[in-house]
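The block underneath contains the structure these notes are about, expressed in structure tokens.
The values are calculated or read from the model by the stated rules, or taken from the named source; none is laboratory data. The structure displayed is predicted, hence computed values, not measured ones. What goes into the accessible areas is simple: the full protein's heavy atoms, side chains included, and nothing from ligands, DNA or RNA. Shrake-Rupley method; radii C 1.70, N 1.55, O 1.52, S 1.80 Å.
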Amino acid sequence: MAISYDVIQKGSIVLQYWTGSVTRDDIIVQQHDCLSDPRIKPNTSVLIDATETLFGLTPEKMRDIVNVLFSTALHSQTIKNFVLLVNPLTYRLAHVQEATAHLYGTPVRAFTSLHEACASLELDAKMVTSQLERIRHAGPAPTPDT
């Protein structure tokens, strides 16, 4: 699968790692699975590392995905904010996500720097780097929390 995730800090942070070509269906299925994960606490923050992702999507299709994801009651009760770590090629498309999500009252912020993304969530960048490396190489850990 092009999207893996894990839950850290007692359910208050979800780290996601996206790679390759990520489709609309990948995003919707993964978000549903993630929101159904009992380890995730209400008002969690999500940091998505999409630096190795290519979105084969137009801005209109990205808006459609964000509308589908952010319009659910479960989403609004679970996710406090999103931080997207993207590459320079997808940064413009990430701004479409920011603008559309703002309509639903869920902040989405895009960064091209891991340190800036971590600082926005008051997370230690070294810890996040280590956790993302683990997710990249092994997928989500079988332990319920880190």
At the level of C-alpha centres, the distance separating segment 99-137 and segment 8-75, in angstrom, is 12
Computed ³J(HN,Hα) along segment 37-48: with the Karplus parameters 6.51/-1.76/1.60, θ = phi - 60°, integer Hz and x for glycine or proline, the list is 6, x, 6, 7, 8, x, 6, 6, 10, 10, 10, 10
Regression test value, accessible area per residue of the chain, probe 1.4 Å, units Å², expected 50
The correct pair for segment 10-77, radius of gyration to one decimal and Dmax as a whole number, both in Å and from Cα atoms, is 12.4, 36
In the chain the accessible area split gives carbon plus sulfur, as whole percent at 1.4 Å, a share of 58
Rounded to whole Å, √(5λ) for the Cα gyration tensor eigenvalues of segment 69-137, largest first, gives 22, 16, 11
Percent relative contact order for the chain, counting Cα pairs under 8 Å at least six residues apart, stands at 27
Volume per residue (Å³) of the convex hull spanned by the alpha carbons of the chain is 96
